[in-house]
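Engineer: Here's a structure for you.
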Amino acid sequence: MADNLPSEFEVVVLGTGLPESIVAAACARSGQRVLHVDSRNYYGGNWASFSFSGLLSWIKENQQKTDLGEECEDWKKLILEDEEAIPLSRKDKTIQHVEDFCFGDQDSAEGVEEAGALPKLPVLGATGARGVSPGSETEGPAVESPCPEPESREAEQATGTEPEGATEGNGAGTTSGSESSPGESTLELGQTEAAPSETPGQEPKKITYSQIVREGRRFNIDLVSKLLFSRGLLIDLLIKSNVSRYAEFKNATRILAFREGKVEQVPCSRADVFNSRQLTMVEKRMLMKFLTFCLDYEQHPEEYQDHESSTFAQFLQTRKLTPSLQHFILHSIAMVSETESKTLEGLQATKKFLQCLGRYGNTPFLFPLYGQGEIPQCFCRLCAVFGGIYCLRHPVRCLVVDKASGRCKAIVDHFGQRISANYFIVEDSYLSESTCTNVCYRQISRAVLITDQSVLNTDPEQQVSILTVPPVELGRPAVCVVELCSSTMTCMKDTYLVHLTCPSTQTAREDLEPVVQKIFNVNAEKETENEELEKPRVLWAVYFNMRDSSGVEKNSYSDLPPNVYVCSGPDSALGNDCAVKQAETIFKEMFPTEEFCPPPPNPEDIIYDEDEIEPEESGLSNSAETKPEPSAEESSGGGAAAATKE
């Protein structure tokens, strides 16, 4: 396939994580010729989502310490005398300490096949062929894909239609809708019917490991746990670029707090505060007064100037708030560190939380249906629509640098093909150890659990919840817990998918297991104390550490040419602002006069070259005036497709 690739591009992008995908989309949208490759067989890198079987394959791959053996160095013959090569890493070393546990009967799953799995046949490259899905174990050459699709949708997409819902075996239909304020661009929000709740005292349905394996394609398990702030940079970019038409979203329905050993719901909006039974009337007035102050705290500097050097927790103590209100504000609204975050940081975080309320729902957060791994793929689609070329399973051996100018002029791939470009975007994990010698990386501790019930059972039971667990002991970080229900299309019916994230101090298991044991029942058998019986039971769990390369300055890398830009992997923050800022900064450095991800043109705004238009196309263009006016979504999609044909 590499022999068929063009040998010259304006931009070459290595890695399909979120920042790289945004940069690739922005470059293609501005008219640049883009080649986007990834050595993996799935989109997203460390931002990817997997089916259950796909995640098991990913775990196995990262637990094995494989020896890559002797490398064929034929590519070095392609380096000229006036050039030098910067070798790239052959193995992704960003994941460590992977440990998975099954709390059910694992033997019962032997021989159980995943329902609906596609036959393991080679995938042939062809025009319009699909990319390799997350979790796919199919062997074969990389695929150029204008429309990478997540694995969970392959069955529906085979008919050429977008899935209107996913009711099969799920019990919850999903339709497109919009809940934005009048005059605002809308996102498609999945309006999900809640499954009927269980009657009080009824035992939750027992889920076995074999059922999880059989229904593995119902799972879309994210490697990184993120939510989208409804007025955050990523939502604004999705709307501005019209990439939002490629995805659907669901509101995070509740904010929870863990206090005195119990999980309870936090009132955030004005209506929630006044309807809350947890707060006294005095506390309600206190809370509303403080939140009103936070919305325009800049106008009242006298209120906080004397406390700028104090922590936000200490500032809250001076505001005559009760301990429960201080806990709610610190851990569930501002979501900042109790010991490290200063007053201004806490006030800014609280204001951001409050400003995001009400745009799309009762909380500030949205979650993409089918998982966070959808978002990089959405930007890959935009890039492909505007002519970007995609190749998975396509390792790159080195960057070729011109000695005289010091600029990178080409890459050499594993087929030995030399591909030239003006700019190169490289995901951090592609850089070799010698290039990263002086880089000091942080780590993220991650855990993913499959449980049999919610951490807080309410009616309706289909809830997307976010919970911040305060540090278990001094010196430990707070743990962010995101619980997803089956209507998010990330897990099978009667289960919940729980993500735990915190900055690492030790291995992921050492950091997160104490929190898991506080909230969940991790015993294999349910014959335990009554207190444990009330907790959700963990059916399966995985712990792993992920490299956090955000915040690394470019000059920390050794001998990188000025036209090579490095994109970081996921950070430990809840939102995606870091990735969007990084992508925009890189794009503006390359093309300072171009607009970053402008909206796609409407069909009527496209000017065709008359010499290149076939008579039939010209006729189709004229006949459009007699058809009903298309919706905004159809107009944008049609315009993009037409632009691609030119």
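Engineer: Exactly which GluC sites (Glu not before Pro) in segment 233-286 are in a DSSP loop and have at most 11 other Cβ atoms within 10 Å?
Structural biologist: Glu260
Engineer: Over segment 11-56, give the accessible area per residue in Å² for a 1.4 Å probe, as an integer.
Structural biologist: Heavy-atom SASA per residue in segment 11-56 reads 13 Å².
Engineer: Right, another one. Reachable lysines from Lys588, Cα under 24 Å, same-chain residues fewer than 8 places away excluded?
Structural biologist: The qualifying lysines are Lys240, Lys409, Lys554.
Engineer: Moving to a separate point now. For Asn555 and Asp306 in one chain, what is 0.36 nm times their gap in residues minus the Cα-Cα distance, to one decimal in nm?
Structural biologist: Between Asn555 and Asp306, full extension yields an extra 85.9 nm.
Engineer: Give the shape of segment 238-311 as rounded, prolate or oblate, defined through the alpha-carbon gyration tensor: a ≥ b ≥ c are the square roots of its eigenvalues, a/c under 1.5 means rounded, and otherwise the shape is prolate if a/b is larger than b/c and oblate if not.
Structural biologist: It is oblate, given that a/c is not under 1.5 and a/b is not larger than b/c.
Engineer: Can you return the lysines within cross-link range of Lys262? Criterion is Cα-Cα under 22 Å, with same-chain partners fewer than 8 residues away left out.
Structural biologist: Partners found: Lys284, Lys518, Lys526, Lys535.
Engineer: Where does the charge balance sit around Glu298 when Lys and Arg score +1, Asp and Glu -1, over other residues with C-beta under 15 Å from its C-beta?
Structural biologist: -3
Engineer: Could you pull out the trypsin sites (Lys or Arg not before Pro) across segment 1-68 that fall in loop regions by DSSP (anything but H, G, I, E, B) with no more than 12 other Cβ atoms inside 10 Å?
Structural biologist: Lys65
Engineer: Answer with one residue from Ile389, Leu325, Gly373: the one whose Cα lies farthest towards the positive end of the charge dipole of segment 314-391, charges on Cβ with Lys, Arg +1 and Asp, Glu -1.
Structural biologist: The residue sitting farthest along the positive end of the dipole is Leu325.
Engineer: Would you be so kind as to identify which of Thr280, Pro267, Tyr246 lies farthest towards the positive end of the dipole of segment 240-285, taking Lys and Arg as +1 and Asp and Glu as -1 on Cβ and the Cα centre as origin?
Structural biologist: Tyr246
Engineer: With the full set of protein chains in place, find how many percent of the accessible area of segment 286-391 is carbon and sulfur; take the probe as 1.4 Å.
Structural biologist: C and S fraction of accessible area: 47 percent.
Engineer: Within segment 425-520, what whole-number % of the accessible surface is contributed by carbon and sulfur, with the 1.4 Å probe and all protein chains included in the calculation?
Structural biologist: Result for segment 425-520: 48 percent of the exposed heavy-atom area is carbon or sulfur.
Engineer: At 1.4 Å probe size, with every protein chain present, just tell me what the per residue accessible area of segment 293-390 comes to in Å².
Structural biologist: So segment 293-390 comes to 36 Å² accessible per residue, rounded to a whole number.
Engineer: Going through segment 430-539, which GluC sites (Glu not before Pro) have at most 13 other Cβ atoms within 10 Å and a DSSP loop state?
Structural biologist: Listed in order of number, the matching sites are Glu433, Glu473, Glu525, Glu527, Glu529, Glu534.
Engineer: Determine the sum of side-chain charges near Arg254: Lys and Arg each +1, Asp and Glu each -1, restricted to other residues whose C-beta is under 10 angstrom from that of Arg254.
Structural biologist: That works out to -2.
The values are calculated or read from the model by the stated rules, or taken from the named source; none is laboratory data. None of these values were measured; they are calculated from a predicted model. Neighbour counts are summed over all protein chains in view; Cβ atoms, including those assigned to glycine, are modelled from backbone coordinates with ideal geometry. Heavy atoms of the whole protein, side chains included, go into the accessibility calculation; ligands, DNA and RNA do not. Shrake-Rupley method; radii C 1.70, N 1.55, O 1.52, S 1.80 Å.
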